[in-house]
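K.L.:
Sharing a structure here in structure tokens format.
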Amino acid sequence: MIRTLLIGCCVLAVAAPVFAAATDPTHILAQPADTLQWQKGEADDTVWPIGDPKKPGACMELIRWHAGHFSHPHFHSHARYAVVLDGTWWVSTSDVYDPDHNTVPYPKGSVLTDLPGGIHYDGAKPETGDATVAITMDCPLESTAAEKK
């Protein structure tokens, strides 16, 4: 179901401008980009256009990592499916926090699957700028710290 949701969202994102005038709200629920209410933060901006991260069910997070900011090593109890929408997303599967040496770049269009229990951290580097990622998953979103100090 999550993969179908992810594919559908990607198709809608590309096709929305073409079909916006012809969508029937009893068939498709649309949220134009300019109506999304982003929660602004120092490290990232986020919005949950589908579902609620605290309640069971399918959900989607859009996250815009600001250049120079990263999460710290952690893992999730559910698989998460990500598409890089803009910029370059830097990802590591190490439990040692070292964004300068332990991360791999994934440019716009890259698709990643974050497996349950898989340690990772991610963000955006100053040299490549902000990165925007769409992540679909089964909620509730649970995250467990896993940094080795």
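Bear in mind that the values in this text are calculations on the coordinates, not laboratory data. Please read all numbers here as calculations on a predicted model, not as lab measurements. Every residue, glycine as well, gets a Cβ built from its backbone with ideal geometry; the counts of neighbours run over all protein chains shown.
K.L.:
Report, to the nearest 10°, how far helix 2-19 tilts away from the longest principal axis of the Cα atoms in the chain, using its own Cα long axis and a range of 0 to 90°.
P.N.:
Rounded to the nearest ten degrees, it is 50.
K.L.:
Along region 40-46, what does the Karplus equation 6.51 cos²θ - 1.76 cosθ + 1.60 (θ = phi - 60°) give for ³J(HN,Hα), rounded to whole Hz, x for Gly and Pro?
P.N.:
Taking θ as phi minus 60°, the curve returns 7, x, 5, 8, 7, 10, 9 Hz for region 40-46.
K.L.:
How much net charge surrounds LEU141 when only the other residues with a Cβ under 13 Å from the Cβ of LEU141 are counted, with Lys and Arg +1 and Asp and Glu -1? Before the final figure, lay out the partial values.
P.N.:
Numbers: positive: LYS54, LYS55, ARG80; negative: ASP52, GLU61, ASP114, ASP138, GLU142.
Once positives and negatives cancel, what remains is -2.
K.L.:
Provide the descending list of Cα extents for the chain along its principal axes, expressed in whole angstroms.
P.N.:
For the chain, the Cα spread along each principal axis is 53, 33, 24 Å.
K.L.:
Under a straight-distance cross-link criterion of Cα-Cα below 28 Å, which lysines are reachable from LYS40, leaving out those fewer than 8 residues away in the same chain?
P.N.:
LYS54, LYS55, LYS108, LYS125
K.L.:
Enumerate the calculated ³J(HN,Hα) couplings along region 49-65 in order (Karplus 6.51 cos²θ - 1.76 cosθ + 1.60, θ = phi - 60°), each rounded to whole Hz, writing x wherever the residue is Gly or Pro.
P.N.:
Rounded to whole hertz, the list is x, 10, x, 10, x, 9, 10, x, x, 5, 8, 9, 10, 9, 10, 10, 6.
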